[in-house]
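The values are calculated or read from the model by the stated rules, or taken from the named source; none is laboratory data. What you see is a predicted model; the values in this text were computed from it and never measured. Quick reminder, even Gly has a Cβ in these numbers, built from the backbone with ideal geometry, and neighbours come from all protein chains shown.
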Amino acid sequence: MSDQSTQATSTWQSKFKAMGPGILMASAAVGGSHIVSSTQAGAIYGWQLAIVILLINLFKYPFFRFGSEYTLQTGQSLIEGYAQRGKWTLWIFFILNIFSAVVNTAAVGILCAAILFNVFPNGFGLSISQLTTIIIVLIWAMLLIGGYKFLDGLAKWVMTALTIATVAAVVIALFKHREYAPDFTAPTPWQLSALPFIVSLMGWMPAPIEISAINSMWSVEKRKTVKVSYLDGIFDFNVGYIGTAVLALIFLALGALIQFGSGKAIQGASAPYIAQFIQMYASVLGDWSRLLIAFIAFLSIFGTVITVIDGYSRANNETLRLIFDKKEVSSRALYIWITLTSVVGLLIVYFFAGDVANMVRFAMIGSFITTPFFAYLNYKLVNTKEHHIASWLKWLSIIGLIYLFGFAIFFVVAWLTGNIG
């Protein structure tokens, strides 16, 4: 079940060296779900949806953790584990993952471009679609030149800077006096009309669940350069996962402390929202904070675009290798997948003509509907006689599956019956 590295002594030095896959996972997570959905949740509903953020992070936790545990115990990725269960499992994962790869690349790409479009006058004279093309082409080149080592190092700096900037903004907001609009009445999220927003919030919170398989591949890649013990690997995972959950609540706090009750309508997940996001913070915290907020937003989304393109490409490349029973594939194959993911993602961007709101909402809802299936694949893979899961983790998994399948079925039925738009 386990290799020798699981028995190694864990020290703070070894923990720091092991860090990487969990931080990459956090970098992939902290983007649309935090900048857009968490902040909007706070801006529209105040603190009411904090319980939803806590629950979805709790119920997704075991299924993300299984990706790290499986790799640390076997030395294999989750995808290699899927292969042992049969080709049908691989094909299901492959089809769902291709859909997620191109849709999520397009969504986070145009969201990143929307930030530049609003920070700089008229987006340098370029459209959001054109800015998205520049961003994705730049990231494509960075990944082909730098590979995993570049990605690993960059993610640590991006997440450190993001955390410092976000916490600073919250602390300032906490001590800043503000007043609610005189005619403001807090809306309630506990009605069917708010269901699409809640589902989209959960879809990317803390990240699309297929990132668990991608995270296990990053763990395999990390082990090629650093010997990682089981304890250190789980520490890295927990730091990344719990960190994203905390940051989600911090972004919720920003929306609740600054935008909630202002009396101004909150825009959708679009370019106008990004402009409103930056302007409203600047109007409360001062003009000096404009670049700080823009910096937070851009780092979040840019880091997400990098890890999404690399991670999904790596997963699709590995899945196809296993489907056709190849012992290994050249690095050129990964570069081809990176290129395909980038190109098809851009085609979707131009199809939506830079419509950030519809693109992001579609990607988030799609991610939530596929979540229970990915979660079930992970659970079935580790819930065997060969592998041991702690009893508390097993029960949390079962409750999580009931929650995820139940909510997804409820949403689909409500949508099909016309009870939600």
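Just so you know, in the stretch 155-204 the residues that are charged (D, E, K, R) and not in a helix (DSSP H, G or I) include one that is farthest from residue 300 (Cα to Cα), and it is 183. Would it be correct to say that residue 211 is surrounded by fewer than 24 Cβ atoms within 10 Å (Cβ to Cβ) and either at pLDDT below 85 or closer than 25 Å to residue 161 by Cα (or both)? When the stated conditions are applied, residue 211 does not pass them. Test residue 361 against the criterion of being within 23 Å of the chain's Cα centre (by Cα), assigned to a helix (DSSP H, G or I) and of a type in the set (D, E, K, R), and give yes or no. Judged against the criteria, residue 361 is a match. Of these, 104, 57, 118, 97, which one is in a helix (DSSP H, G or I) and farther than 26 Å from residue 408 by Cα? Going through 104, 57, 118, 97 in turn, just one is in a helix (DSSP H, G or I) and farther than 26 Å from residue 408 by Cα: 118.
Among the conditions (1) in a helix (DSSP H, G or I); (2) at positive phi; (3) charged (D, E, K, R), the only one that residue 332 does not satisfy is (2). Considering every residue within the stretch 86-96, establish whether at least one is touching a Pro at 6+ places or on another chain (Cβ under 6 Å) and either buried (at least 24 other Cβ atoms within 10 Å of the Cβ) or touching a residue at least 24 places away in the same chain (Cβ under 8 Å) (or both). No, the conditions are met nowhere in the stretch 86-96.
Any residue that is in contact with a Gly (Cβ under 7 Å, 6 or more places away or on another chain), more than 30 Å from residue 315 (Cα to Cα), at pLDDT 75 or above and not in a helix (DSSP H, G or I) - is there at least one of those in the stretch 260-279? Yes; the residues of the stretch 260-279 include at least one that is in contact with a Gly (Cβ under 7 Å, 6 or more places away or on another chain), more than 30 Å from residue 315 (Cα to Cα), at pLDDT 75 or above and not in a helix (DSSP H, G or I).
Exactly one residue among 371, 417 is among the polar types (S, T, N, Q) and closer than 18 Å to residue 101 by Cα, and that residue is 371.
Residues in the stretch 281-325 that are over 27 Å from residue 133 (Cβ atoms), without any contact (Cβ under 8 Å) to a residue 24 or more places away in the chain and either small (Gly, Ala, Ser) or in a helix (DSSP H, G or I) (or both): 282, 283, 286, 287, 288, 321.
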